[in-house]
Every structure is written in C-alpha cells, then in structure tokens.
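The structure appears below as structure tokens.
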Amino acid sequence: MSDDQGQGQEQPAALPQADGPLVDVTLPDGQHIYAVVKSRVREPDGWWYDLQIHVPHQGSDRGRLLALPAAVDFRAPAALCEPIDGQPYDQVPTERPGVTPAWKVEEKVYFGPERGPARIVHRGDCRAARDLARPASTEQARAVLERDDAAPCPLCRPDRPLRTAA
C-alpha cells in the first residue's frame, strides 16, 4: 500500500446478498451485524425496525448433517440501526398506528407434520392473518406471490387486484 492510500482506513466489506435493504445493527455488547429491514413501526417512544438475520441451523439429508440457514426475526429501535448508503429504504413498509397498510405478508408457523405455504399474502384489512404478518408495498406483495413457497389468502384474495393492476 502506498502512503497516499490512507493507511489505517478499512475498506468497506462487500454487503451480503439479501431480500431487502440492509442496516448495520449495534448489538447490546457492541458487536455489529447486518440485518434486513422488513418493516418499520412508529411506536409512542419513536421508530422501531422489524429486522431479520439468518443463522446456521442443523439439518440433515440422508443421514448427512447440513448447516442450513434459519431466519431469526427481531425488533430494534432506530437509534441502534445505522443506514447503509445505497440501500432502497423507500421500499420498506411503514406502519403507523391507525393507518391500515395496503397489503400484509404473513409468515406461517407450522407446529405439526402438516405443511403449507411459507408466506401468505393478504389485503391490508384482512383479519385472517394469524401468525407474524408485516405490512408490504404493492411491489413486495406481487414479488411474494411470484414465489413457489407463497400463496394468496383464500378469504380476501389479494391476487385478483395485484395481478390485474400493474
């Protein structure tokens, strides 16, 4: 390194691939992690972010152990979340008390052997969502419906307006 390249300055690491905008989150012990911003919520004491990271989880295939990604959802105050230049935060669904989002994406939780879609898209005012449901923009709701592991709610049928209005 030559003297004019700024010795002692770290080059920013390449950002990991993610399914949404990333923020740099400061953990209680001072460590930093990148997390995907799933939504932001206005609470009485300020803004909070619904975030997601993926951690290794043990799985197996034909008796062979595998390290599979497992999603972990958590919420952090905006004060602990540092924006990263170039991330598309304008696409993050924003929830304000008293304002109904246009769409919601429910992430299903299955406890028995029965399985179904991992995500279900609902209209914003649908009351059928039972598990973790987050507000979604029209573009996000459409993108989720395109996934093989997702389905529209059979009651509110958000697929009809989402597929016709482009």
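The values are calculated or read from the model by the stated rules, or taken from the named source; none is laboratory data. Source: prediction; values computed, not measured. Because the Cβ atoms are built from the backbone with ideal geometry, glycine has one as well, and the counts that use them run over all protein chains shown. Just so you know, the surface numbers come from the protein's heavy atoms only, side chains and all, with ligands and any DNA or RNA stripped out. Shrake-Rupley method; radii C 1.70, N 1.55, O 1.52, S 1.80 Å.
Brief remarks on what is shown
- GNM flexibility winner over the chain from 98, 116, 124 (Cα, springs under 10 Å): 98
- With every protein chain in place, the chain: carbon and sulfur % of accessible area (1.4 Å): 51 percent
- Inter-probe distance in nm under a simple model that places probes 7 Å from Cα toward Cβ, at residue 99 and residue 115: 3.8 nm
- Euclidean distance of C-alpha centroids, the stretch 111-166 and the stretch 41-70, integer Å: 20 Å
- 10 Å-binned pair-distance histogram of the stretch 27-150 (Cα, whole percent): 11, 36, 35, 16, 2, 0
- Size of charge dipole - the stretch 51-166 - debye, nearest 20, with Cβ of Lys, Arg +1 and Asp, Glu -1, no other charges: 460 debye
- Sites counted here are GluC sites (Glu not before Pro) in a DSSP loop (not H, G, I, E or B) having no more than 14 other Cβ atoms within 10 Å; the longest part of the chain that contains none of them is 11-113.
- Accessible area in square angstrom per residue, the chain, 1.4 angstrom probe: 69 Å²
- Where a label projected 7 Å from the Cα of residue 43 along Cα→Cβ would reach, residues of the stretch 79-118 with amide N under 19 Å: 79-83, 93-99
- Rg over Rh, two decimals, the stretch 48-103 (C-alpha only, Kirkwood Rh): 1.15
- Pairs of Cα atoms nearer than 8 Å and 6+ residues apart set the relative contact order; for the chain it is 17 percent.
- The chain - mean residue ellipticity at 222 nm from DSSP helices (-39,500 (n - 2.57) per run, n ≥ 4, rounded to 500): -2500 deg cm²/dmol
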